[in-house]
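To start, the structure itself, in structure tokens.
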Amino acid sequence: MNKPLAGKTILVGVTGGIAAYKAATLCSRLVGLGASVRVMMTEGATKFITPLTLQTLTRHPVATDVFDERDAAIVQHIDWADSADLAVVAPATANMLSKLANGLADDMLSTTLLATTAPLLIAPAMNVHMWEHPAVIDNVNKLASRGVVFVEPGTGQLACGYVGKGRLAEPDEIVDAIAAKLIGPKPLSGQRVLITAGGTVERIDPVRYITNDSSGKMGFAIAEAARDRGAEVTLVCGRTEAAPPNGVNVVHTDSALRMRDEVMRRLDGTDIVIKAAAVADYRPASRADQKIKKSSDSLTLELVRNPDILQEVGEWREARDSGPFIVGFAAETADVERHALDKLARKKCDLIVANNVSEAGAGFGTETNIVSVYGRGGFVEHLPQMTKRAVAERLLDIVKDARKGSANR
């Protein structure tokens, strides 16, 4: 059996939230991949899941008290801190985020994490309003600026009864993030990846505009996946629903014209371009300097075509007979395959990722997607409904194989 984490020691910190029960699955997965897992629990965590459960799964004692020194030859929290290849906290409460951000060490977990030099990965879980609180946001940003990797919470039904963002990421997502940190070399190291995300905003007047329902989540997921694979990622984003991921170069734009300029001037030296943004096909022919007032029962708005950024990227490469690998997106509502293949040819892409946005689980703003990937030889792969991060990971695998194939021709 493949044991990709064999020889790796992972510290797993568990804090006091209802999602603590998922730590059992997380530890089981890590042990199954060959890792040596050492678990530290806060007092609150022991109210939700017993240390004996995690001790049984990891085959190692579980540490809960910094003063419970079982071996006189070592100081346990220093020994565990020194032995770790990576530390992960899952779930991480708002309280633990505050401790780690501000250097507090008042229990076994926070003391050990302050002493370790190993990379730290955090999977938060809390009430949606807590996750959005300015103090929590500041703590997350502070930790991220120090190189801490976050596995962002998911959106859904929370134990408190609210529906929103704050649910602990699934154990398999956390395991994937751990593997991405520990297993190398990273496949996109040294590669420059340019990704667009979100919808464009075409102004009618200072208070009105034309846009679309794109949330930017698919582009953000691809940016995160490419970052975790070692790429230098530039994310050109328009209007989005959420904050862009950490660890990437973010360029904010609004209109299609501005997005075009930001993309085109970055093409030279870029290895992969992934155009996930939903760019408006048309814009108002003129923009009013002042708010348009009601003056009649109808208003005629003249629209003109926007530049086709994806097509310009393809033509730019063709004119030079070299350039980046190009991936386009096609959001359709009917005849998905026909439109995707037409777009693939016209816009001189290497791959087109197409989806029917009217299909449940595949539309704008969702946490999941259902896509089909088409290449120059025709159909490549249909991906069933899965999280956008999972789609991103599989897409990058397809890109890797397609680039390898084109290099061998």
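The values are calculated or read from the model by the stated rules, or taken from the named source; none is laboratory data. Values in this document were obtained by computation on a predicted structure and should not be read as measured data. Neighbour counts run over all protein chains shown; Cβ positions are idealised from the backbone, glycine included.
Would you be able to say whether some residue in region 43-60 is hydroxyl-bearing (Ser, Thr, Tyr) and either touching a Leu at 6+ places or on another chain (Cβ under 6 Å) or at pLDDT below 95 (or both)? There is no residue in region 43-60 that is hydroxyl-bearing (Ser, Thr, Tyr) and either touching a Leu at 6+ places or on another chain (Cβ under 6 Å) or at pLDDT below 95 (or both).
Only one of the numbered conditions (1) surrounded by 17 or more Cβ atoms within 10 Å (Cβ to Cβ); (2) touching a strand residue (DSSP E or B) at 6+ places or on another chain (Cβ under 6 Å) is violated by residue 83, and that is (1).
The set of residues from region 363-384 being surrounded by fewer than 18 Cβ atoms within 10 Å (Cβ to Cβ), of a type in the set (Gly, Ala, Ser) and closer than 19 Å to residue 242 by Cβ comprises just one member, 365. Each residue in region 325-339 was checked for being touching a Gly at 6+ places or on another chain (Cβ under 9 Å) and not aromatic (Phe, Trp, Tyr), and 3 of them qualify. Restricting attention to region 239-282, the residues that are surrounded by fewer than 18 Cβ atoms within 10 Å (Cβ to Cβ), among the polar types (S, T, N, Q) and touching a Lys or Arg at 6+ places or on another chain (Cβ under 9 Å) add up to 0.
Suppose the filter is in contact with a helix residue (DSSP H, G or I) (Cβ under 6 Å, 6 or more places away or on another chain), closer than 23 Å to residue 229 by Cα and modelled with pLDDT of 85 or more; does residue 352 pass it? It is true that residue 352 is in contact with a helix residue (DSSP H, G or I) (Cβ under 6 Å, 6 or more places away or on another chain), closer than 23 Å to residue 229 by Cα and modelled with pLDDT of 85 or more.
Tell me, please, whether a residue that is closer than 17 Å to residue 123 by Cα, in a helix (DSSP H, G or I) and free of Cβ contacts under 8 Å to residues at least 60 places away in the same chain can be found in region 66-78. No, every residue in region 66-78 fails to be closer than 17 Å to residue 123 by Cα, in a helix (DSSP H, G or I) and free of Cβ contacts under 8 Å to residues at least 60 places away in the same chain. Restricting 111, 93 to residues that are surrounded by 13 or more Cβ atoms within 10 Å (Cβ to Cβ) and farther than 17 Å from residue 17 by Cα narrows the list to 111. The residue of region 39-65 that is surrounded by the most Cβ atoms within 10 Å (Cβ to Cβ), among those that are touching a Ser or Thr at 6+ places or on another chain (Cβ under 7 Å) and not in a loop (DSSP other than H, G, I, E, B), is 40.
For region 190-244, a residue qualifies if it is charged (D, E, K, R) and either part of a strand (DSSP E or B) or over 21 Å from residue 390 (Cβ atoms) (or both), and the qualifying residues are 192, 202, 203, 205, 208, 213, 232, 239. Hey, does region 200-216 have a residue that's buried (at least 24 other Cβ atoms within 10 Å of the Cβ), modelled with pLDDT under 95, within 30 Å of residue 138 (Cα to Cα) and under 15 Å from the mean Cα position of the chain (by Cα)? There is at least one residue in region 200-216 that is buried (at least 24 other Cβ atoms within 10 Å of the Cβ), modelled with pLDDT under 95, within 30 Å of residue 138 (Cα to Cα) and under 15 Å from the mean Cα position of the chain (by Cα). Cβ-Cβ distances below 7 Å connect the following pairs, each with a first residue in region 32-58 that is in the same structural domain as residue 108 (by TED's automatic domain parsing), a second residue that is among the β-branched types (Val, Ile, Thr) and in a helix (DSSP H, G or I), and a separation of six or more residues or different chains: 37/31; 37/58; 39/58; 40/112; 48/18; 57/31; 58/31. Taking the conditions (1) part of a strand (DSSP E or B); (2) modelled with pLDDT of 90 or more in turn, residue 166 satisfies each one other than (2).
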